[in-house]
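Here's the structure, in structure tokens; my notes come after.
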Amino acid sequence: MSSLVDRLWYGEGRPLWFLAPFAWLFQAVSNSRRKKAWEVKDDALLVPVVVVGNITAGGTGKSPLTAWLVTELRNAGWRPVVLSRGYGGKSSHYPQLVSGESDPKVVGDEPVMLVQATGVPVVVDPQRRRAAAWALEQDLGDILVCDDGLQHYQLPRDVELAVFDGARGIGNGGIIPVGPLRESVSRLSSVDFMVVNGGPFDAGEKLDSFHDIKHPEIHVMDLEPSSLENLKSGESRPLSDLSGRSVKAVAGIGNPDRFFDTLKGLGAKVQESPFPDHHRFEPADLKSEPGQWVVMTAKDAVKCQGFAPENAWVFSVRARVSEDFTRSVLERIRESAQTLNG
């Protein structure tokens, strides 16, 4: 998403109101596809399927929440498999099993980041239903977690988590291209959990800035800094080393301001260098001033491994949620598994 579109969608009013006919067409096509998908969809899969997604365009924190979820599932005795569209990648064949050494140009940046962060199998395919069937044929796991795909209705699902950026919410509330909504806000009535990433909210409260959205399962998530590693050498440094440090912060993510603000909160002197989401980095993008560190997200780092300078550092974050949310999600998944098993 470009910074201009970001400002228009998440700023005051609806300056793109004149595109309303296209928004109506977008919603009509989406509703039609959803109806057709549900009419012809296959029977439920033999294992639980959990979808982590959103109803807004742009970064909300889906992938960190997915990483948290598969870690919790593995700790609880499950064998999770992540399904991903592989946005930004282009392969000659699908489905494709991702490894930590896979080329992001082929499988996408987020799948590589997820397999490096979690170690669980990640399968890429624009047709998530096909990826699911293949993963089960290969006996890769006993539960499927779809990173994004809330609108991919051909994939049966048992549990849905809708994630929001707490600072931006649903923006101006318009449907694409007038605003950032992929679907109407009414879609939230059918999801199992709403997760708000940051923002001045408490779990369970009514979110006035989200147009009075009410839901029985609203939970709060924070992204907390977890590590700082040199991209070339693998050297680890304490996060406190960023204090007072001059850094060029590069970010090709949905909401780069969150990344920049986090670095500033740790005391870094930040030169902001934002790029479009899923940007394909080149060596020139990482040039810096003498004495500067180049600091990037884990999502961007997987695309820069081959040409990163020695002063390139990877700043990783992890999702932090409440124990109540963890218990609720795992319990809902267990209930789904029991239903599938009869």
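Is there a residue in segment 156-171 that is more than 18 Å from the chain's Cα centre (by Cα) and aliphatic (A, V, I, L, M)?
no
When you scan segment 292-301, do you find a residue that is over 18 Å from the mean Cα position of the chain (by Cα) and open to solvent by 50 Å² or more (accessible area, probe 1.4 Å), even just one?
Step one: list which residues in segment 292-301 are over 18 Å from the mean Cα position of the chain (by Cα), which gives 292-295.
Next, from what is left, pick out any that are open to solvent by 50 Å² or more (accessible area, probe 1.4 Å): none.
No, that holds for no residue.
What is the residue count in segment 322-341 for residues that are open to solvent by 30 Å² or more (accessible area, probe 1.4 Å) and not hydroxyl-bearing (Ser, Thr, Tyr)?
First pass over segment 322-341, keeping only residues open to solvent by 30 Å² or more (accessible area, probe 1.4 Å): 322-324, 327-328, 331-332, 334-335, 338-341.
Now drop any that are not not hydroxyl-bearing (Ser, Thr, Tyr), which leaves 323-324, 327, 331-332, 334-335, 338, 340-341.
Within segment 322-341, residues that are open to solvent by 30 Å² or more (accessible area, probe 1.4 Å) and not hydroxyl-bearing (Ser, Thr, Tyr) number 10.
Do we find a residue being assigned to a helix (DSSP H, G or I) and either at pLDDT 80 or above or surrounded by 24 or more Cβ atoms within 10 Å (Cβ to Cβ) (or both) anywhere in segment 51-62? So that I can check it myself, show each step before the final result.
Step one: filter segment 51-62 for residues assigned to a helix (DSSP H, G or I), giving 62.
Narrowing the set further to residues that are either at pLDDT 80 or above or surrounded by 24 or more Cβ atoms within 10 Å (Cβ to Cβ) (or both) leaves 62.
Yes, segment 51-62 contains a residue that is assigned to a helix (DSSP H, G or I) and either at pLDDT 80 or above or surrounded by 24 or more Cβ atoms within 10 Å (Cβ to Cβ) (or both).
Among the residues of segment 235-261, what is the count of those that are open to solvent by 40 Å² or more (accessible area, probe 1.4 Å) and either at pLDDT below 95 or of a type in the set (S, T, N, Q) (or both)? Talk me through it step by step, then tell me what you get.
Narrowing segment 235-261 to residues open to solvent by 40 Å² or more (accessible area, probe 1.4 Å): 235-241, 243-246, 257-258, 261.
Those left that are additionally either at pLDDT below 95 or of a type in the set (S, T, N, Q) (or both): 236, 240, 243, 246, 257-258, 261.
Here the count works out to 7.
Name the residues in segment 226-245 that are touching a Gly at 6+ places or on another chain (Cβ under 9 Å) and on the phi < 0 side of the Ramachandran plot, would you? Write out each step before concluding.
The initial filter retains those residues of segment 226-245 that are touching a Gly at 6+ places or on another chain (Cβ under 9 Å), namely 240, 242-245.
Result: Ser240, Leu242, Ser243, Arg245.
Quick one: would you say Leu83 is open to solvent by less than 50 Å² (accessible area, probe 1.4 Å), over 18 Å from the mean Cα position of the chain (by Cα), at pLDDT 95 or above and among the aliphatic types (A, V, I, L, M)? Quick ask: steps written out before the conclusion?
Working: open to solvent by less than 50 Å² (accessible area, probe 1.4 Å): yes; over 18 Å from the mean Cα position of the chain (by Cα): no; at pLDDT 95 or above: yes; among the aliphatic types (A, V, I, L, M): yes.
No; evaluated as a whole, the condition is false for this residue.
Where the second residue is β-branched (Val, Ile, Thr) and assigned to a helix (DSSP H, G or I) and the first is over 16 Å from Glu229 (Cβ atoms) and lies in segment 111-126, which pairs have Cβ atoms under 6 Å and are six or more apart or on separate chains?
Thr118/Val70; Val120/Val70; Val122/Val115; Val124/Val107
Looking at segment 1-32 only, could you name the residues that are hydrophobic (A, V, I, L, M, F, W, C), exposed (fewer than 14 other Cβ atoms within 10 Å of the Cβ) and under 24 Å from Gly252 (Cα atoms)? Lay out the reasoning, then the answer.
The first filter runs over segment 1-32 and keeps only residues hydrophobic (A, V, I, L, M, F, W, C), leaving 1, 4-5, 8-9, 16-20, 22-26, 28-29.
Okay, now just the ones that are also exposed (fewer than 14 other Cβ atoms within 10 Å of the Cβ), so 4, 17-18, 24-25, 28-29.
Result: Leu4, single match.
Just to be sure I understand the filter: pairs with C-beta atoms under 8 Å, separated by 6 or more residues or on different chains, first member in segment 287-303 and among the acidic types (Asp, Glu), second member at pLDDT below 95 and open to solvent by 20 Å² or more (accessible area, probe 1.4 Å). Which pairs pass?
What qualifies is Asp300/Ile253; Asp300/His279.
So, Arg129, is that one modelled with pLDDT under 95 and open to solvent by 20 Å² or more (accessible area, probe 1.4 Å) or not? Break it down stepwise before answering.
Details: modelled with pLDDT under 95: yes; open to solvent by 20 Å² or more (accessible area, probe 1.4 Å): yes.
In short, yes.
Report the residue count in segment 270-296 for those that are in a strand (DSSP E or B) and either more than 20 Å from Tyr87 (Cα to Cα) or at pLDDT below 95 (or both).
Going through segment 270-296 one residue at a time, the tally reaches 8.
Going by what's in this entry, would Ala44 be described as part of a helix (DSSP H, G or I), aliphatic (A, V, I, L, M) and surrounded by fewer than 22 Cβ atoms within 10 Å (Cβ to Cβ)? Spell out how you get there, then give the answer.
Numbers: part of a helix (DSSP H, G or I): no; aliphatic (A, V, I, L, M): yes; surrounded by fewer than 22 Cβ atoms within 10 Å (Cβ to Cβ): yes.
Criteria not met by Ala44.
Which pairs do you get when a residue that is free of Cβ contacts under 8 Å to residues at least 40 places away in the same chain, found in segment 88-103, comes within reach of a residue that is of a type outside the set (A, V, I, L, M) and surrounded by 18 or more Cβ atoms within 10 Å (Cβ to Cβ), reach meaning Cβ atoms under 6 angstrom, with the pair 6+ apart or on two chains?
Pairs that qualify, where the first residue is free of Cβ contacts under 8 Å to residues at least 40 places away in the same chain and the partner is of a type outside the set (A, V, I, L, M) and surrounded by 18 or more Cβ atoms within 10 Å (Cβ to Cβ), are Gly89/Gly108; Tyr94/Asp125; Val98/Pro111; Gly100/Gln116.
Is at least one residue of segment 107-114 open to solvent by less than 40 Å² (accessible area, probe 1.4 Å), of a type in the set (D, E, K, R) and farther than 23 Å from Val47 by Cβ?
Yes, the conditions are met somewhere in segment 107-114.
The values are calculated or read from the model by the stated rules, or taken from the named source; none is laboratory data. Quick caveat, the model's predicted, so the values are computed rather than measured. Cβ coordinates were reconstructed from backbone atoms using ideal geometry, including for glycine residues, and neighbour counts include every protein chain displayed. To get the accessible areas, we keep the full protein, side chains included, count just its heavy atoms, and leave off ligands, DNA and RNA. Shrake-Rupley method; radii C 1.70, N 1.55, O 1.52, S 1.80 Å.
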